[in-house]
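Encoded as structure tokens, the structure appears first; notes follow it.
The values are calculated or read from the model by the stated rules, or taken from the named source; none is laboratory data. Please read all numbers here as calculations on a predicted model, not as lab measurements. Cβ sites come from the backbone with ideal geometry, for glycine too, and all protein chains shown count toward neighbours. Calculation scope for accessible area: heavy atoms of the full protein, side chains included, ligands and nucleic acids excluded. Shrake-Rupley method; radii C 1.70, N 1.55, O 1.52, S 1.80 Å.
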Amino acid sequence: MTLSDEMLQQLVETAVEVRRWAYAPYSNYLVGAALLTTSGKIYEGVNVENAVFSNTICAERTAVVKAVSEGERSFQAIAVVTKNGGTPCGSCRQMLAEFGLDTLVIIADESGKIHRQAAVSELLPGAFTPRDLPRA
Ligand SMILES: [Zn+2]
């Protein structure tokens, strides 16, 4: 599925915008995400850190959890914005892979400049997916 330039731009702008809500008092590394569902809705997410560091959740996973908890399981694209165009971590790649290897990941910096666009399959080659689990 190809994304129009307007939609691509809108996703990046949304991720830039919501980044201000990131709760990152420990790392100061603010992350914003905007997840576009196949149905055309956009779910926003930010990283939420915790004094118990392992409880921290990334912006990408926040957006996915919000979408799935509202009945959405099919995604077209996700824009991820950080100060310097950092890439999604392994956990987020795996979380995205659960719902489709074709989801487009748009990686941008705080100015909105796109650093990279890649499908989940490219970011997580050989992903473990639901197909790997034997069904009864
Ligand atoms: Zn992550």
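Below is a table of values for the structure above.
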quantity	calculated
Gly100 vs. criteria touching a Phe, Trp or Tyr at 6+ places or on another chain (Cβ under 8 Å), at positive phi and away from the ligand (no atom under 16 Å from the Cβ)	yes
Candidate set: the stretch 67-93, residues that are among the charged types (D, E, K, R) and in contact with a Leu (Cβ under 8 Å, 6 or more places away or on another chain); chosen: the one nearest to the ligand (Cβ to nearest atom)	Arg93
Where a residue in the stretch 20-49 is closer than 20 Å to Arg93 by Cα and outside any strand (DSSP E or B) and its partner, wherever it lies, is open to solvent by 60 Å² or more (accessible area, probe 1.4 Å) and modelled with pLDDT of 95 or more, with Cβ under 6 Å and at least six apart	Glu49/Tyr23; Glu49/Tyr26
Check on Glu6, open to solvent by 50 Å² or more (accessible area, probe 1.4 Å), at negative phi and free of Cβ contacts under 8 Å to residues at least 24 places away in the same chain	yes
When residues of the stretch 11-34 are limited to those that are in contact with a Lys or Arg (Cβ under 9 Å, 6 or more places away or on another chain) and within 13 Å of the ligand (Cβ to nearest atom), the one most open to solvent (accessible area, probe 1.4 Å)	Tyr29
Residue in the stretch 69-122 that is most open to solvent (accessible area, probe 1.4 Å), counting only those that are within 19 Å of Thr56 (Cβ to Cβ) and of a type in the set (A, V, I, L, M)	Met95
Output for the stretch 66-91, where each listed residue is of a type in the set (A, V, I, L, M, F, W, C) and either on the phi > 0 side of the Ramachandran plot or touching a strand residue (DSSP E or B) at 6+ places or on another chain (Cβ under 8 Å) (or both)	Ala67, Phe75, Ala77, Ile78, Ala79, Val80, Val81
Selected residue (criterion: surrounded by the most Cβ atoms within 10 Å (Cβ to Cβ)) from residues of the stretch 35-58 that are under 26 Å from Leu3 (Cβ atoms) and of a type in the set (D, E, K, R)	Glu44
Residue satisfying condition, being more than 13 Å from the ligand (Cβ to nearest atom) and in a strand (DSSP E or B), within set Ala127, Ala108, Ala136	Ala108
Filtered residues of the stretch 56-66 (kept if of a type in the set (A, V, I, L, M, F, W, C), in a helix (DSSP H, G or I) and either over 18 Å from Glu13 (Cβ atoms) or within 10 Å of the ligand (Cβ to nearest atom) (or both))	Ala59, Val64, Val65
Search result, residues across the stretch 118-132 that are within 16 Å of Leu35 (Cα to Cα) and touching a residue at least 24 places away in the same chain (Cβ under 8 Å)	Val120
